[in-house]
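The structure appears below as structure tokens.
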Amino acid sequence: MTLRCLALLAADAPHQRAWPGERRLTDQTAVEEAEFACRNAEGLSAPEVFAPEHPRTLATGPGHRPRPPGPGRRAPATASASSPPPPVDLDPGGEGSVVAMEEEALLSIGAFARRARLSHKALRLYDRHGLLPPDHVDPATGYRYYRQDRLAAARLIVRLRGLDMPLADVGAVLAAPAPEAARLVAAYWDGVERRHAAQRELAAHLRIHLLGDEGILDMYEIQQREVPEQLVLTEQRHITPEELPDWIPAALGRLVPVAQAHGGLFGHPFVVYHGDVNEDGDGPVELCVPVDPARAGRLPAACRTEPAHTQAYTRLTKAQVAYPQILSAYDAVHAWAQRESRTPAAAPREVYFVDWCEIGPADPACDIAVPLAD
């Protein structure tokens with residue numbers, strides 16, 4: 001039962017019996033004392049619910065003697081029992097008016113913050129971003145008030161921020177229907193896990209680099225295989241590490257349809273690095289798509305023949321492919337070739353054998369390969 005209901009029940013109760021010479025409780029006194037008792041019982045030091053009461057007249061019971069005014073003391077003004085003053089309405093007729101919300105209990109910002117486990121500063125921040133605006137702002141004091149049913153949204157914000165979700169994404173979740181909101185949360189967390197997986201591999205790369213490549217061959221399994229001669233469609237350009245993740249699928253989108261229109265793919269696409277792609281170099285880089293050798297001379301795109309060779313290679317997960325941690329895999333293949341007294345015969349390459357968009361961070365994604373001289 002709310003404080004207001006308890007107070008009204010107390011106000012409507014019959015006057016208490018008083019000893020001779022004592023005052024008897026009136027309506028307004030009963031309201032105030034009942035609210036005070038209820039707040040004490042709930043451990044509150046100030047009214048938590050903004051639901052103003054109509055002023056009630058203050059009367060004195062039989063036998064009550066008003067205290068005469070002393071020096072410098074003014075006698076209290078008496079209210080007319082026949083015409084009580086009207087309730088104060090700071091926003092007449094509006095949705096946030098006292099009359100409109102008299103039946104709807106509003107929580108002060110302090111009470112709302114405690115129950116939502118949010119600070120006042122956080123509530124003001126979420127108001128500025130349109131996530132959790134107050135239901136009423138007192139124009140005279142600037143105090144903010146919230147409906148109790150807003151607590152569910154506030155607590156959801158707390159939990160979403162516990163995932164380190166940006167405010168823009170939080171707003172999208174709050175505005176979406178439940179199924180779409182659940183999909184947005186799942187998509188956000190999938191991105192978080194991909195970033196964490198990439199960061200884990202980056203930490204491993206940095207550790208190896210700081211140790212002077214010590215233990216690098218223990219991290220990667222190096223294997224060998226024979227690659228036959230291939231006719232490949234090609235697209236080549238100079239590129240930065242930041243541009244590379246967008247250029248590879250875009251170039252595949254241009255070359256794969258050509259290959260499919262001329263007999264299909266005859267092997268896995270691969271990317272050849274004819275120069276370093278890092279902070280100091282931009283390649284060039286060449287994307288190759290193997291096609292039917294019988295189509296030589298009849299293809300509408302640039303093409304060349306890739307000679308047969310032996311490859312040393314290591315297989316990476318999707319998380320390991322990110323730059324710069326992928327560099328550790330290149331270093332491992334070259335370290336293996338040096339240990340085995342094998343000489344690289346051509347530029348290193350990445351061989352892509354799966355649909356990149358359909359795999360997770362821990363799934364095999366590509367091979368780092370180096371052609372070897374006989």
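The values are calculated or read from the model by the stated rules, or taken from the named source; none is laboratory data. Since we're looking at a predicted model, the values are computed, not measured. Counting neighbours? That spans all protein chains shown, and the Cβs are built from the backbone with ideal geometry, glycine included.
Numbers for the structure displayed
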read-out	value
Yes/no for P245 being exposed (fewer than 15 other Cβ atoms within 10 Å of the Cβ) and either among the aromatic types (F, W, Y) or modelled with pLDDT under 95 (or both)	yes
Every residue from segment 293-348 that is surrounded by 15 or more Cβ atoms within 10 Å (Cβ to Cβ), more than 30 Å from R195 (Cβ to Cβ) and among the β-branched types (V, I, T)	T310
In segment 208-223, the residues that are buried (at least 16 other Cβ atoms within 10 Å of the Cβ) and outside any helix (DSSP H, G or I)	Y220, I222
Output for segment 273-284, where each listed residue is farther than 9 Å from Q236 by Cβ and either in a loop (DSSP other than H, G, I, E, B) or without any contact (Cβ under 8 Å) to a residue 24 or more places away in the chain (or both)	G275, D276, N278, E279, D280, G281
Which listed residue, of P361, P300, P348, P371, is farther than 25 Å from L233 by Cβ and not small (G, A, S)	P361
Only listed residue being farther than 30 Å from R183 by Cα, at pLDDT 90 or above and surrounded by 10 or more Cβ atoms within 10 Å (Cβ to Cβ), chosen from L106, L90	L106
Complete set of residues in segment 355-372 that are touching a residue at least 12 places away in the same chain (Cβ under 8 Å), surrounded by fewer than 18 Cβ atoms within 10 Å (Cβ to Cβ) and either out of contact with any helix residue (DSSP H, G or I) (no Cβ under 9 Å at 6 or more places or on another chain) or assigned to a loop (DSSP other than H, G, I, E, B) (or both)	I359, G360, A362, D363, P364
Members of segment 263-281 found to be surrounded by 17 or more Cβ atoms within 10 Å (Cβ to Cβ) and modelled with pLDDT under 95, listed by number	V277
All positions within segment 260-272 that are within 22 Å of D367 (Cα to Cα), out of contact with any Asp or Glu (no Cβ under 8 Å at 6 or more places or on another chain) and not in a loop (DSSP other than H, G, I, E, B)	L265
Single residue of T234, T240 found to be over 37 Å from the mean Cα position of the chain (by Cα), surrounded by 13 or more Cβ atoms within 10 Å (Cβ to Cβ) and among the hydroxyl-bearing types (S, T, Y)	T234
Residue within segment 209-220 that is within 30 Å of R342 (Cα to Cα) and either at pLDDT 95 or above or among the aromatic types (F, W, Y) (or both) present	yes
Of all residues in segment 285-298 being outside any helix (DSSP H, G or I) and in contact with a Gly (Cβ under 6 Å, 6 or more places away or on another chain), the one that is farthest from P371 (Cα to Cα)	D292
Flag if L202 is in a strand (DSSP E or B), surrounded by 13 or more Cβ atoms within 10 Å (Cβ to Cβ) and not acidic (D, E)	no
Tabulated pairs, segment 192-210, first touching a residue at least 60 places away in the same chain (Cβ under 8 Å) and under 14 Å from P361 (Cβ atoms), second surrounded by fewer than 15 Cβ atoms within 10 Å (Cβ to Cβ) and not hydrophobic (A, V, I, L, M, F, W, C), C-beta under 9 angstrom, 6+ apart or interchain	E193/G360; R194/G360; A197/G360; L202/P324
Matching option when the condition is outside any strand (DSSP E or B) and under 43 Å from the mean Cα position of the chain (by Cα), among A301, A329	A329
Residues (free of Cβ contacts under 8 Å to residues at least 24 places away in the same chain and either farther than 14 Å from A105 by Cα or surrounded by 14 or more Cβ atoms within 10 Å (Cβ to Cβ) (or both)) located in segment 132-156	P133, T141, G142, A152, A153, L156
